[in-house]
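This report refers to the structure that appears directly beneath it.
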Amino acid sequence: MLEGFIEINGQKLPRTLLGTSPFIGAPQFGHRARLYILDLYRKPEAMASIIAKSYQLGVRGIQLLPYPQWLKPFKWHVMKGFPWILWPQPARTPKKGLMM
């Protein structure tokens, strides 16, 4: 179910993308955002584990975020030889206090 690709207007796209908002403690999660910052953003090894498991389950697309804490575990995974299809996210200046 997570594996494979779909074709839209001649473009081959991964059927499933790994969402990345929890990795950065995005504010749409309300009070859980703080927990995600503590459990994921501050623990690159936890992020790397989730990235690896997602790949094992067949997920091949991922949103590339301009956050150093997110890029570190992602680079570890790519360096191990796992190719990903990237969806770039435009760089934004985080609000003061958001990056922890």
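The values are calculated or read from the model by the stated rules, or taken from the named source; none is laboratory data. Remember, predicted model here, so these are calculated numbers, not experimental data. When we count neighbours, we look across all protein chains shown, and the Cβ atoms used for this are built from the backbone with ideal geometry, even at glycine. In case anyone asks, the SASA skips ligands and DNA or RNA and just uses the protein heavy atoms, side chains included. Shrake-Rupley method; radii C 1.70, N 1.55, O 1.52, S 1.80 Å.
Residues of the stretch 39-73 that are over 16 Å from residue 85 (Cα atoms), open to solvent by less than 60 Å² (accessible area, probe 1.4 Å) and among the small types (Gly, Ala, Ser): 46, 48. Count of the stretch 7-34 residues, restricted to those that are open to solvent by less than 60 Å² (accessible area, probe 1.4 Å), farther than 22 Å from residue 67 by Cα and either modelled with pLDDT of 90 or more or assigned to a strand (DSSP E or B) (or both), is 2.
I need a count of the residues in the stretch 22-72 that are of a type in the set (S, T, N, Q) and within 18 Å of residue 2 (Cβ to Cβ). Let's see the steps before the verdict.
Initially, the stretch 22-72 is screened for residues of a type in the set (S, T, N, Q), giving 28, 49, 54, 56, 63, 69.
Adding the requirement that they be within 18 Å of residue 2 (Cβ to Cβ) leaves 49, 54, 56, 63.
Qualifying residue count for the region: 4.
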